[in-house]
Structure formats: C-alpha cells, structure tokens
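Following: one structure in structure tokens, then a few remarks.
The values are calculated or read from the model by the stated rules, or taken from the named source; none is laboratory data. None of the values given here were measured: they were computed from a predicted structure. No Cβ is skipped: glycine too gets one built from the backbone with ideal geometry, and neighbour counts run over all protein chains shown. Just the protein is used for accessible areas: all its heavy atoms, side chains included, with ligands, DNA and RNA removed. Shrake-Rupley method; radii C 1.70, N 1.55, O 1.52, S 1.80 Å.
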Amino acid sequence: MAIDNIKANSRIKKLELLLKQVDKIHLREASTILNVSEMTIRRDLASTNSMSLLGGYIVNDAKNSYFLLEQQDKNVVEKMEVGKLASSLIEDGDVIFFDCGTTIASLASQISDKVKFTAICCSINTFMILQEKINCNIILCGGHYSRDNSLVTSIQNYSILDFVCTTKAFIATSGVDKQQGLTCFRFSEAQVKQKAMAKAQKKILIFDHTKFKQVHPAYIGRLDDFDLIVCNKPIPEEFGIPSERIWKR
C-alpha cells in the first residue's frame with residue numbers, strides 16, 4: 001500500500017474514533033486536530049463510505065442521517081489537546097479507571113495501541129473506543145445505563161469499583177471554581193467519581209480551560225484531592241496549585 005494511502009487510512013480511522021465521541025465535527029476543527037489541510041480531509045472523505053461532509057460538518061453516515069446544528073459539541077480541539085497530554089501518562093501494566101464524558105473519550109482515542117493495560121470502564125462511549133485497542137483488557141461496570149451521559153451505575157449496594165484497586169483514575173469535571181471546587185451535572189455521576197478516587201493509587205483530574213469558573217449542582221471534590229492535574233492551559237495562580245502537580249510533557 002502506498003504511503004499516501006496508509007496516511008489517509010490513519011486519518012480516516014482517527015475521524016471515525018472522534019465521531020464515536022461526538023455527533024459531528026467541523027471540517028476546520030478536524031483539520032486542526034489532524035494537522036492537515038481542509039482539502040486533504042475532503043479527499044479522505046471522498047474515499048470512504050463511513051463518513052460524509054454536511055453543512056461544513058463531518059458526520060457518521062451510520063449514526064447521523066439527521067442532526068441539528070444547535071446541538072453541536074463544543075471545544076473538541078481543546079478536549080483532544082487534554083486527551084493527548086493525559087494519554088502519555090498511561091504505562092504498561094496499569095489498571096486504570098476511566099470516567100465518563102467526551103474529554104475521557106478523547107483521552108481513550110489517543111492511547112497508543114502498543115501499551116498493555118487494563119481498563120475499568122463505566123461509560124459506553126469510552127468502551128467503544130477502548131475495545132479497539134488490542135492490548136487493552138476491559139472490565140465493564142454493570143448496572144443502570146443513562147442515555148444522557150452514557151454512564152453505567154450499579155443498581156446494587158456494591159459495584160466493580162469496590163473490588164479493584166487501580167493504579168490510576170482519570171476523572172473529568174464540568175466545573176472548576178476556587179470556592180465551590182469541582183462539580184458536574186449529575187449526583188449519580190459524582191458518586192461514581194468519588195468511589196473511583198477512593199480506590200486509586202494516583203488520582204488524575206483532566207479538563208479543558210473552558211471549565212474554569214463553572215459551577216454545577218453535583219460536588220466532586222477539590223483540586224487538592226488530586227495527585228496530578230491535566231489541562232490544555234496553565235492553571236490560574238489564584239488556585240494555588242504547585243507546579244509539580246500540573247502535568248506537562
């Protein structure tokens with residue numbers, strides 16, 4: 001196979017992984033993420049039947065025969081930046097809890113296929129990405145499935161998380177505020193995050209800069225609860241986080 005075809009197939013695979021996380025992605029954002037021109041991506045799309053370009057957005061033909069532009073997923077580029085940074089923390093032999101959310105899915109999509117690790121997965125979206133990693137052993141959290149955030153929560157008094165000691169837990173947050181701490185939209189989601197944090201040897205918080213000064217109903221914890229923080233932009237000094245706890249590569 002020609003080198004150009006290999007590169008095109010690689011780009012198409014990455015786009016397909018992205019579209020498992022979001023309903024659509026703008027052509028301009030895809031160009032930035034893949035570091036190629038928009039014309040190159042147009043040529044790639046012309047060579048595949050799995051995706052198409054509609055109104056400036058790349059959509060998955062299998063899932064997106066119809067969509068509304070006002071439901072557009074935001075900050076895709078920022079989430080991919082955070083995911084790329086966080087993925088470099090995953091090592092052979094790790095047993096990792098993956099939280100729910102599109103930032104976590106962005107992390108999962110950028111893990112090297114060569115790394116051998118075990119994933120504790122509570123999100124269907126993230127599971128769909130991780131199951132394509134041939135060296136990833138997956139343990140699924142069972143229970144009730146929420147369509148709103150693709151989260152699976154236990155319907156019993158105990159869950160998989162009670163029995164597995166993870167080396168790392170990647171936790172996402174929807175809000176980061178100096179006074180109110182870390183928050184998300186749903187109380188059931190916050191409970192899963194807190195349980196995963198309690199069982200992990202190393203707690204890693206990941207979020208993009210748009211979450212600063214956002215506050216939501218469900219309390220997760222505080223920045224001080226985490227061993228490492230991964231963000232696409234510097235943490236404001238007002239939060240008082242030591243530089244050694246901010247991951248940079």
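The table that follows gives values for the structure above.
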{"item": "Protein-only accessible surface order, largest first, of Ile111, Ile3 at 1.4 Å", "result": "Ile3, Ile111"}
{"item": "Highest-first arrangement of 10-18, 240-248, 22-30, where packing means the average Cβ count within 10 Å", "result": "22-30, 10-18, 240-248"}
{"item": "The chain - accessible surface per residue (Å², probe 1.4 Å)", "result": "52 Å²"}
{"item": "Cα-Cα over 25 Å, subset of Lys84/Lys114; Lys13/Lys203; Lys13/Lys168; Lys20/Lys213; Lys24/Lys79", "result": "Lys13/Lys203; Lys13/Lys168; Lys20/Lys213"}
{"item": "Share of pairwise Cα separations in the range 72-155, more than 19 Å, in percent", "result": "35 percent"}
{"item": "The chain: relative contact order in percent, alpha carbon pairs under 8 Å with at least 6 residues between", "result": "14 percent"}
{"item": "Reciprocal mean inverse distance between Cα atoms of the range 142-249 - Kirkwood radius, Å", "result": "14.6 Å"}
{"item": "Cut-off 18 Å, label 7 Å out along Cα→Cβ of Asn137, residues of the range 159-173 by amide N", "result": "160-169"}
{"item": "Quarter of Cα convex hull surface for the chain, i.e. mean projection, nm²", "result": "14.1 nm²"}
{"item": "Extension gain from Ser37 to Ser52, taking 0.36 nm per residue of separation minus the Cα-Cα distance", "result": "3.7 nm"}
{"item": "Solvent exposure ordering (accessible area, 1.4 Å, most first) of Tyr57, Tyr158", "result": "Tyr158, Tyr57"}
{"item": "Solvent-accessible surface (1.4 angstrom probe) belonging to Cys165, in square angstrom, nearest 10", "result": "90 Å²"}
{"item": "Cysteines (scope the chain) whose Cβ has no counterpart Cys Cβ under 4.7 Å", "result": "Cys100, Cys121, Cys136, Cys165, Cys184, Cys231"}
{"item": "Accessible-area composition of the range 3-53, carbon plus sulfur, in percent [1.4 Å probe]", "result": "47 percent"}
{"item": "Debye, to nearest 20: dipole size of the chain, +1 on Lys, Arg Cβ, -1 on Asp, Glu Cβ", "result": "180 debye"}
